[in-house]
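The values are calculated or read from the model by the stated rules, or taken from the named source; none is laboratory data. All figures in this text were calculated on a predicted structure; none of them were measured in a lab. Counting neighbours? That spans all protein chains shown, and the Cβs are built from the backbone with ideal geometry, glycine included. The protein model used for the area step is the full one, side chains on, heavy atoms only, and it has no ligands, DNA or RNA in it. Shrake-Rupley method; radii C 1.70, N 1.55, O 1.52, S 1.80 Å.
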Amino acid sequence: MAPTSPFALDGRLAMVTGAGSGIGRAIALGLAAAGADLILLSERDNLGPVAEEAGAAGAAVTTQLLDLADRSARSAVVERLLEAHAVDILVNNAGLIRRAPAAEFSDEDWYGVIEVNLHATFELCRAAGRRMVARGSGKIINVASMLSFQGGLLVPSYTASKHAIAGLTRALANEWAPHRVNVNAVAPGYVATATTAALRSDPARSSEILARIPAGRWAEPEDVAGAAVFLASPAADYVHGHVLAVDGGWLSR
Ligand code: NAP
């Protein structure tokens with residue numbers, strides 16, 4: 001019998017938020033390709049194609065619509081899913097960004113971003129982590145950003161939320177590592193998705209960003225998937241509290 005790859009996820013169940021598009025979709029398909037079954041969450045009704053593709057790769061797929069900004073719904077739905085399924089891997093990918101000068105930044109754009117990017121992420125970590133700790137195994141992967149390290153421009157609530165994600169990842173790792181629960185993050189660089197549509201359509205900002213990326217191109221969502229699969233796998237059993245940049249070299253510049 002061939003030895004099992006330390007990157008294989010056969011028999012594992014992964015829950016991925018924001019799985020209908022962009023980076024979440026690519027991570028979900030990467031996990032399925034490595035052998036995981038999936039619970040996919042999305043706000044909009046857009047999970048059909050990714051569920052079909054993951055199913056064709058051999059994954060058993062459950063889909064769930066959920067607005068992560070809705071506190072009472074998210075707690076009820078997440079508790080129900082976690083009671084019904086033993087989730088081995090949680091990927092907190094859902095997130096949003098709002099752009100405006102800080103002096104004119106609206107309450108809605110401040111609280112709305114923090115609610116989904118930070119509060120919902122913490123609650124999902126807490127709900128899944130509690131069960132993983134009880135079982136003595138589990139992997140949590142949060143999606144951070146270059147703006148977990150840098151200030152960015154015109155996106156104060158996003159930057160605050162992503163700095164907080166890096167801190168939360170380390171704080172949870174410190175508590176849960178002794179229980180064999182790994183909490184880590186991937187920090188994508190500049191990826192061609194809906195989140196960056198405004199940047200990419202601004203010729204000055206777009207070429208400024210490209211000029212700083214040593215890899216010489218924007219990332220595709222698929223570029224981020226491998227790092228998430230690694231952090232979800234037994235190969236990362238001794239990796240705790242790490243924020244793994246997948247940035248084409250941006251931070252090294
Ligand atoms: P995206 O395609 O717009 O994905 C964002 C996802 O978040 C969508 O699937 C969206 O769900 C979900 N979401 C937003 N608000 C939600 C809510 N209230 N309830 C439930 N789900 C919600 O853009 P993306 O770039 O792939 O973003 C994914 C993650 O990567 C985000 O955390 C983002 O901050 C992070 N990131 C992106 C970049 C980049 O350059 N693109 C760089 C660093 C980090 P719906 O499809 O249902 O709206």
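Some notes on this structure:
- Per residue, the solvent-accessible area of the chain (1.4 Å probe, heavy atoms of protein chains only, all protein chains present) comes to 45 Å².
- Summing charges over all other residues whose Cβ lies under 14 Å from the Cβ of Thr159, with Lys and Arg as +1 and Asp and Glu as -1, gives +2.
- Figure legend: label point modelled 7 angstrom from the Cα of Asp10 along Cα→Cβ; residues of region 31-58 with amide N under 14 Å from it are 33-37, 58.
- Rounded tilt (10° steps) of 156-176 against the dominant C-alpha axis of the chain: 30 degrees
- Loop sites in region 190-227: trypsin sites (Lys or Arg not before Pro), DSSP, at most 14 other Cβ within 10 Å: Arg217
- Globularity ratio of region 21-125, using Cα Rg and 2.2 N^0.38 Å: 1.18
- Extension gain (nm, one decimal) between Leu210 and Ala100, 0.36 nm per residue minus Cα-Cα: 37.4 nm
- For Val239, net neighbour charge (Lys/Arg +1, Asp/Glu -1) across residues whose Cβ lies under 15 Å away: +2
- Calculated over region 107-191, the projected area of the Cα convex hull averaged across directions stands at 5.5 nm².
- Using alpha-carbon coordinates, inclination of helix 121-135 to the longest axis of the chain, degrees: 20 degrees
- Neighbourhood net charge (13 Å Cβ-Cβ; Lys/Arg +1, Asp/Glu -1) for Ala73: -3
- Bins of 10 Å, starting at 0 and running to the largest distance - Cα pair percent for the chain: 8, 32, 38, 18, 4, 0, 0
- For region 114-253, the pair-distance distribution built from all alpha carbon pairs, in bins 10 Å wide starting at 0, is 12, 40, 32, 13, 3, 0 percent.
- Using the Cβ-Cβ distance between Arg253 and Glu222 with R0 set to 30 Å, the FRET efficiency works out to roughly 0.85.
- Multiplying the residue separation of Ala177 and Arg44 by 0.36 nm and removing their Cα-Cα distance gives an extension gain of 44.5 nm.
- For region 172-253, the fraction of alpha-carbon pairs in successive 5 Å shells from zero, as %: 3, 15, 20, 19, 15, 11, 9, 6, 2, 0
- Inverse of mean 1/r across different Cα pairs in region 79-151, Kirkwood, Å: 14.0 Å
- Distance between region 26-90 and region 124-184 - C-alpha centres, whole angstrom: 19 Å
- Each of Glu108 and Ala235 was given a label point 7 Å from its Cα along the Cα-to-Cβ line. The distance between the two points is 4.5 nm.
- The chain: most fluctuating residue of Ala103, Ala69, Ala128 per GNM, C-alpha cutoff 10 Å: Ala103
- In region 1-44, one over the average inverse separation of all distinct C-alpha pairs is 11.0 Å, which is the Kirkwood hydrodynamic radius.
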